[in-house]
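First comes the structure, then the notes that go with it.
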């Protein structure tokens, strides 16, 4: 009888314990999305003299990957154990698949739905270039994890790979055409400062109706990075709450979470929440006809995520706290998931480099593949 009386309270506590972190993740995603607009305008101005395919893989990719960098940093130093490492790795790998499968596909579907085109042509050279580098980084990182220990040496290798990648890009930059920067702001777009605060229009909040110049572009670029970094702390906190058996919030009280390993939460929720800037940048590039940048941003962002957004926090953490010793559960889990990571990356490369361009059914197939992967992750989480 007592159990029947307490059941509504337990159910309420459990559901509330799920709703609170999910709402916080959604709110953080919204702020990251709005700051991503500022990222886009600042990075477009800063990279206005770069060639297409290079700007997407460098300036845009670095800008849009700030959330993954901060999330990995907070996971490692906030949790300070294997859970922190698995949270950072889960976010990076989850972002790789979301960026490769969902973002370019959504951009392509958006272009095809608003035009009479049957397909979208992208540079096979650029996709193969970035795809090979991405596969290389994935294989190297998986190999490091399978060794059972991560030290500062492995993180340095990841950082050096990205340096070599950027050097190669600029060495071969002559292959594209230069993009002319266009100020997206017009007179009819003027809004009040109050409205800017309500919808979190970060650019308007920072510089008002002034047009961008080099100083203002760098100011909004850096400030939006810091804002995203601040928000990412709460995104990590929400993911930690969601994966916990129970957690406590001051004033509100105690709640129950899903009680599953943080890596499963990170692969889905942290990865999606951190990928809003990539989505915005790739979609708007595709709408302007910069298809090479739209996809190279996604691939370049993936390379940055695995090499720098994960490698840099790992370097600082291992220098301060020493090597990270991985247990068999994490090693076996990531080894099993590596088939998905490498396989779906190869699938995206094959579809983006097909002769005749990327058709609508290619895009829908990649989106479906991502959701199959998500269901697989949820199934694995249930078994754990």
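Values in this text are rule-based calculations from the coordinates and carry no lab data. Treat the numbers as computed from the prediction; the structure is a model and nothing was measured. Virtual Cβ from ideal backbone geometry, glycine too; neighbours counted across all protein chains shown.
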>> Over the chain, with a Gaussian network built from C-alpha contacts below 10 Å, which listed residue (299, 364, 247) shows the highest mean-square fluctuation?
In response: 247
> Comparing 278, 327, 201, which has the greatest mean-square fluctuation in the GNM of the chain with Cα pairs linked when under 10 Å apart?
Replying inline: 327
> Counting pairs of alpha carbon atoms under 8 Å apart in space and at least six apart in sequence, what relative contact order in percent does the chain give?
Replying inline: 41
> On a 0 to 90 degree scale, rounded to 10, what angle separates helix 328-352 from the longest Cα axis of the chain?
Replying inline: 30
>> Testing the spin-label approximation: label points 7 Å from Cα along Cα→Cβ at residue 80 and residue 27. State their distance in nm.
In response: 2.7
> What nm distance separates the two modelled labels at residue 327 and residue 219, each placed 7 Å from Cα along Cα→Cβ?
Replying inline: 5.1
> To the nearest µm²/s, what D does Stokes-Einstein give for segment 219-306 at 20 °C and 1.002 mPa s, using the Kirkwood radius over alpha carbon pairs as Rh?
Replying inline: 141
>> Under 8 Å for C-alpha pairs, at least 6 residues apart: give me the relative contact order for segment 189-279, rounded to a whole percent.
In response: 18
> Tell me, what is the FRET efficiency for residue 167 and residue 246 to the nearest 0.05, using R0 = 51 angstrom and their Cβ-Cβ distance as r?
Replying inline: 0.55
>> Just want the ordering: 285, 328, from fewest to most Cβ atoms lying within 10 Å of their own Cβ.
In response: 328, 285
>> Rounding to the nearest 10 and keeping the result within 0 to 90°, find how far the Cα-based axis of helix 124-146 lies from the longest principal axis of the chain.
In response: 30
> What is the calculated FRET efficiency for residue 140 to residue 372, with r their C-beta to C-beta distance and R₀ = 25 Å, to the nearest 0.05?
Replying inline: 0.45
>> Can you tell me the orientation of helix 2-46 relative to the chain, as the angle in degrees between its alpha-carbon axis and the longest Cα principal axis, to the nearest 10?
In response: 20
> How many Å³ per residue does the convex hull of the Cα positions in segment 225-384 occupy?
Replying inline: 161
> When the chain is treated as a GNM, springs tying every alpha-carbon pair under 10 Å, which of 279, 91, 16 comes out with the largest mean-square fluctuation?
Replying inline: 16
>> Restricting to Cα atoms and excluding each atom paired with itself, what does the Kirkwood estimate give for the chain in Å?
In response: 21.5
